[in-house]
Amino acid sequence: MAQMNIIQAVNSALHNMFERDETVVSFGEDAGFYGGVFRCTSGLQEKFGKHRSFDTPLAEGGIVGIAIGMGMNGLRPVAEIQFADYIFPGFDQITNELAKLRYRSGGEYSAPVTIRTPCGGGIKGGHYHSQSPEAYFTHTPGLKVVICSNPYDAKGLLISSIECNDPVIFFEPKRLYNGPFDGDHTAAMVKWDSHPKGEVPEEYYNIPLGKAEIVRAGKEVTILCYGTMVHVATAAAENSGIDAEVIDLRTLVPLDIDAIEDSVKKTGRCVIVHEAPRTSGFGAELMSQVQERCFWHLEAPIQRVTGWDTPYPHSLEWDYFPSQARITEAMRATMEE
Amino acid sequence: MSDFGLVKIMGEDSEVNMHVPVPPHREGGTSFPSPHEIPAGHHTKPSIDCAGEETRDLAYGLLRVLNDDDEAVGEWDPKLSADELRAALEHMVRIRAYDDRMMMMQRQGRLSFYMKCLGEEAVSVGAAMAMENRDIVVPSYRQQGLLFVRGRSMVDMISHCITNSNDNVKGRQMPVHYSWKEGNFVSISSPVGTQFPQAVGAAMAFAYRGEDSIACTWLGEGTSAQGDFHYGLNFASVYQAPCVLVVVNNQWAISTHRNLAHGGSSFAARGIPYNVASIRVDGQDLLAVYAAHKWATERARAGHGPTLLEMYTYRGDSHSSSDDPSIYRPGDGYENWPLGDPVDRLKAHLVKIGEWDDARHEALQAQCKDEIIAAYKEAETHGTLKDGPFPPVTTLFEDVYEDEPWHLLEQRGQVGI
Ligand SMILES: Cc1ncc(C[n+]2csc(CCOP(=O)(O)OP(=O)(O)O)c2C)c(N)n1
Ligand SMILES: [Mg+2]
């Protein structure tokens with residue numbers, strides 16, 4: 001089996017889908033000839049032609065707008081937004097148009113659009129190259145929201161997202177593109193080469209949306225997380241000696257509620273981790289769900305470890321980015337009660 | 001989850017009719033078909049109270065003052081003194097030396113990121129010299145020249161770029177996202193285009209208060225595809241806001257050629273249907289840049305409304321420290337740009353009029369380099385990117401709001417400060 005990083009896995013998914021389905025097209029700023037600033041779409045234009053993979057004017061509202069139009073008229077567009085921080089000029093098109101088209105037309109119209117976008121911090125990108133805006137979209141009925149944490153999942157989930165007839169916002173944590181990251185920025189860069197999830201088939205496969213994965217089984221406490229935080233939380237579990245069960249949610253909408261419920265009912269303790277700011281973050285929704293469904297099984301209040309309620313900083317990045325230490329502290333807090 | 005299997009929608013001989021433009025050089029031509037055949041001195045100068053639509057020729061033409069013999073010619077010659085010309089040259093040489101040094105430091109890992117303005121030095125120097133310091137400037141990330149002309153300390157600029165304890169934006173932004181209130185230089189935002197209508201609003205505030213200051217703002221030709229560009233033009237036109245709106249057409253937006261930014265030939269021409277006075281300017285010609293800004297600034301100050309300027313120039317180097325232009329524009333090097341280089345051209349003009357020579361030029365370059373090395377050293381006494389000291393952790397929670405609400409105080413407590 002081939003060894004891939006997330007960039008290559010995304011690229012492989014697109015190549016497979018371009019081959020299988022002539023209605024699949026890909027476009028975005030610098031995403032045609034150059035293959036995207038992170039090179040996720042490289043080789044597509046060369047192989048399939050510039051009508052299948054093309055550059056666009058620098059206008060996210062326009063990019064999402066044409067994706068909707070193409071999608072409602074027989075194509076299956078995969079639009080790239082260069083950084084999740086730059087998705088906001090397209091926000092109206094996504095939340096008011098893309099998300100509501102099916103409902104608004106009584107089911108007559110829909111647009112099977114996938115919007116791929118690199119998200120998250122850990123790359124010294126400051127507040128405009130580090131944000132995690134998933135909660136804006138999970139709060140919008142009509143959108144599915146997916147976030148990958150490794151190459152194998154990236155490919156399988158992206159293929160399912162493209163095949164999905166509902167619009168999908170597909171987040172790619174850019175800190176993970178080239179290797180897993182456990183939050184220790186002083187350690188040497190690790191690559192996907194030797195990671196089991198870096199083994200990715202060249203052929204088509206998919207991973208169903210709406211299914212979480214238990215990435216580390218444990219008995220003492222459940223950690224709910226996604227994206228880069230999957231690796232930080234897993235490392236915190238390993239290094240603290242606490243027998244935590246780490247769940248990679250993978251799809252935020254629709255949520256794998258059974259996986260969450262089963263785990264928390266088993267451990268009786270829950271820690272929620274995300275990079276995005278705390279107030280109205282997706283953690284607030286997770287916390288409500290756990291409280292509503294597992295209240296009588298909880299041994300202690302649920303804990304949240306999140307980014308602070310500040311814009312994402314540049315030089316003080318590591319004081320913002322949720323650390324193993326903070327996750328460990330939160331796990332301990334649930335166990336003291 | 002359905003497995004679609006193979007989907008074919010097109011027959012063997014069906015043709016794709018969707019048009020996707022390609023940069024000329026990628027099909028064996030050149031990226032440089034330009035309006036540069038228009039000779040210097042060709043355009044007449046309308047009065048500053050003309051209707052926007054009367055500037056049509058200027059919007060589709062090219063305003064040039066320096067001719068091929070390095071002389072200043074025509075009605076638009078701003079007749080700058082030799083001292084003013086030398087000051088402009090000095091600013092441009094200093095900016096170039098600064099950019100080179102900073103990019104070199106980035107390559108050594110002493111900056112996290114950097115962006116040069118090679119080839120575009122005249123665009124900001126000519127603009128800043130034509131304005132008053134009280135005029136508010138709302139730049140994009142490639143107008144560092146404004147700071148030099150307005151006299152910002154290089155130590156402070158470098159401190160920002162290495163995010164040390166002397167960084168006035170407290171290490172919150174990536175390098176080159178300067179902010180300098182004292183110089184009426186508005187904090188640069190990375191999301192492109194957003195600040196175009198903001199500059200119009202700032203201009204409206206001057207008009208509201210009855211002041212005769214103006215606002216000037218810049219965005220790239222790539223960015224002109226954003227709605228914000230059109231919002232800015234339309235609002236400026238509707239309210240006759242005292243502002244100068246500039247599109248810097250440096251031909252490229254990262255890897256994307258300008259023919260993907262619009263389907264027309266001139267960016268300046270976008271202003272005409274909004275009835276905004278519009279001029280396309282040779283951005284390598286400091287005198288033309290200065291003259292156009294002077295005209296537009298006087299027009300705005302006198303209450304005759306906004307002007308759109310297209311600076312026709314070339315991005316001489318990579319987009320930033322993160323990309324390699326040889327991949328997407330091989331053979332399309334800056335040395336081939338038909339309108340030349342702004343430093344070379346102004347220098348040649350000064351030599352021609354007997355006010356400059358090679359020896360003085362070399363001495364200036366050496367002096368600028370020394371100044372920057374010294375400034376860099378001094379900046380590092382306030383901390384380095386690698387070892388700090390950085391702005392203190394308390395700054396993480398400051399300036400989110402004017403005062404910190406309870407939840408931020410609580411979170412600050414969790415960090416232990
Ligand atoms: C809203 C938004 N989308 C995308 C980006 C990423 N980006 C940064 S600069 C750039 C290209 C800008 O090109 P242009 O406007 O021509 O300015 P230039 O860099 O040539 O000065 C892009 C796509 C961004 N900063 N903001
Ligand atoms: Mg440009």
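Every number here is computed from the coordinates shown, using simple stated rules; none is lab data. This structure is a prediction, so every number in the text was calculated from the model and none was measured. Using ideal geometry, Cβ is built from the backbone for each residue, glycine included, and neighbour counts are taken over all protein chains shown.
Taking the number of other C-beta atoms within 10 Å as the exposure measure, put B:Trp218, A:Trp296, B:Trp356 in order starting with the fewest.
A:Trp296, B:Trp356, B:Trp218
What lysines does B:Lys181 reach when the alpha-carbon gap must be under 17 Å and sequence neighbours fewer than 8 apart in one chain are set aside?
B:Lys170
In what sequence do A:Cys225, B:Cys243 fall when counting other Cβ within 10 Å, fewest first?
Least crowded to most crowded, the residues run A:Cys225, B:Cys243.
As a footprinting exposure proxy, order B:Arg86, A:Arg293 by other Cβ within 10 Å, with the fewest listed first.
The order, fewest Cβ neighbours first, is A:Arg293, B:Arg86.
For B:Ala374 and B:Arg107, compute 0.36 nm times the residue count separating them, minus their Cα-Cα distance, and round to one decimal in nm.
The span from B:Ala374 to B:Arg107 would gain 94.2 nm if fully extended.
Between segment A:136-187 and segment B:369-396, what is the C-alpha centre distance in whole Å?
Between the Cα centres of segment A:136-187 and segment B:369-396 lies a distance of 37 Å.
Given points 7 Å out from each Cα along the Cα-Cβ axis, report the B:His42 to B:Asn67 separation in nanometres with one decimal.
1.4 nm
Rounded if a/c is under 1.5, else prolate if a/b is larger than b/c, else oblate: which is chain B, with a ≥ b ≥ c the root eigenvalues of its Cα gyration tensor?
Here chain B falls in the rounded category.
Treating the beta-carbon of each Lys and Arg as +1 and of each Asp and Glu as -1, no other charges, what is the dipole magnitude of segment B:286-380 about its Cα centre, to the nearest 20 debye?
580 debye
Using just the alpha carbons, could you tell me how many Å³ per residue the convex hull of the protein assembly as shown encloses?
Output value, Cα hull per residue: 170 Å³.
Which lysines does B:Lys369 reach when only Cα atoms under 25 Å apart count, and residues fewer than 8 places away in its own chain are ignored?
B:Lys116, B:Lys347, B:Lys377, B:Lys386
Given +1 on the Cβ of Lys and Arg, -1 on the Cβ of Asp and Glu, and no further charges, what dipole in debye does segment A:222-280 carry about its Cα centre, rounded to the nearest 20?
200 debye
Once the other residues with Cβ under 13 Å from the Cβ of A:Tyr103 are scored (Lys, Arg +1; Asp, Glu -1), what is the net sum?
Charge balance near A:Tyr103 sits at 0.
What lysines does A:Lys47 reach when the alpha-carbon gap must be under 22 Å and sequence neighbours fewer than 8 apart in one chain are set aside?
In chain and number order, the partners are A:Lys155, B:Lys8.
In whole Å, what is the distance between the alpha-carbon centres of segment A:273-291 and segment A:89-119?
24 Å
In the protein assembly as shown, with Lys and Arg counted as +1 and Asp and Glu as -1 at Cβ, which of these residues, A:Phe83, A:Ser161, A:Leu143, has the Cα nearest the positive end of the dipole, that is, farthest along it?
Farthest along the dipole direction, towards plus: A:Leu143.
What percent do you get for the relative contact order of segment B:181-340 when only Cα pairs under 8 Å and 6+ apart count?
This gives 23 percent for segment B:181-340.
Using the Kirkwood radius built from alpha carbon pairs, what does the Stokes-Einstein equation give as D for chain A at 25 °C and 0.890 mPa s, in µm² per second?
Translational diffusion coefficient: 122 µm²/s.
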